[in-house]
Amino acid sequence: MNNSKKSEIVDKEFKCLDKGFVRLVDFMGDDEAIVQAARVSYGKGTKSINEDRSLIRYLMRHRHTSPFEMVEFKFHVKLPIFVARQWIRHRTANVNEYSGRYSEMKDEFYIPDIEQIRPQSLLNKQGRSSDIFPENIANEIISTLQTTQEKLFKEYSELLEIDLARELARINLPLSNYTEWYWKIDLHNLFHFLRLRLDVHAQYEIRVYGEVIADIIREIVPLAYEAFEDYVLNSEFFSAQELNIIKSLINLDLPDNDTLKQSGLSSGELSEFKTKFKKIIQ
């Protein structure tokens, strides 16, 4: 990655939601680091794969994850506390968060855009519906959220004024209050984070952050991100039972070589596809 491109990404705040952001503080490694680590590990076994792209795709396709762990990213993130509580479930990372015990919390709260004010989904117990409220009701909900946030922060400030300990004064602040942290993670585990948080079923608010992070790392590890999109993000995994259904539906004749060559798969990928296909039809 050239220095001019790096200067466009590192230390730049990429806005998320109404008051949040993601900022790439630093990173170590790129596509070349993945290849370098893999060739040390595999030795002579990788000499038949000449191009970096082919090797990275091979690693991703066969789930050889350790070379991707050679690349690390450190982010500064500002996010609502309820998003942070979802985010922290990804435990294979290093985190240092803004402390309400040592510092005063800021008067910054998340208010959803009006199009995100939606009823509970009838199909998804943990998500919102695709339907929307009438505009007057949605505005009333937003007003209620703002009024409650203002009231609770006013009470918080009053408790600080009478010298109540900060660690106690903060306890009534809502989950919509913004927090900040430094978050450091290797590329393998970041891909796992993105696989879950870019999914259409992920909560909208954390998906916004996932999309921004994806755009950032795509600039730094374009070959690895391309492989991640092809073999993880835009792929599907089937159970044994599902494969049995597929067997009953598909044409059991393998396409001719000319058709296969037009697929865009490399010779190695075509060979692996033929093996998979034969496994299905047997």
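Odds and ends about this structure:
- Filter result for SER263 (in a helix (DSSP H, G or I) and either without any contact (Cβ under 8 Å) to a residue 60 or more places away in the chain or not assigned by TED's automatic domain parsing to the domain that holds ARG118 (or both)): no
- Filtered residue count, the range 160-181, keeping only those that are over 19 Å from LEU17 (Cβ atoms) and surrounded by fewer than 17 Cβ atoms within 10 Å (Cβ to Cβ): 10
- Some residue of the range 201-222 being in contact (Cβ under 8 Å) with a residue 40 or more places away in the chain and not assigned by TED's automatic domain parsing to the domain that holds HIS76: no
- Scanning the range 117-155 for residues that are over 19 Å from GLN203 (Cα atoms) and exposed (fewer than 10 other Cβ atoms within 10 Å of the Cβ) turns up PRO134, ASN136.
- So ASP26, is it of a type in the set (D, E, K, R), more than 21 Å from PRO222 (Cα to Cα) and either crowded, with 21+ Cβ neighbours inside 10 Å or modelled with pLDDT of 95 or more (or both): no
- Any hit, the range 170-185, residues being closer than 30 Å to VAL71 by Cβ, of a type in the set (A, V, I, L, M) and not in a helix (DSSP H, G or I): yes
- The residue list LEU194, LEU190 contains one member that is in the same structural domain as ARG57 (by TED's automatic domain parsing), within 24 Å of TYR58 (Cβ to Cβ) and free of Cβ contacts under 8 Å to residues at least 40 places away in the same chain, which is LEU194.
The values are calculated or read from the model by the stated rules, or taken from the named source; none is laboratory data. Worth saying up front: this structure is predicted, and the values here are computed from it rather than measured. Every residue, glycine among them, receives a Cβ derived from its backbone with ideal geometry; neighbour counts consider all protein chains shown.
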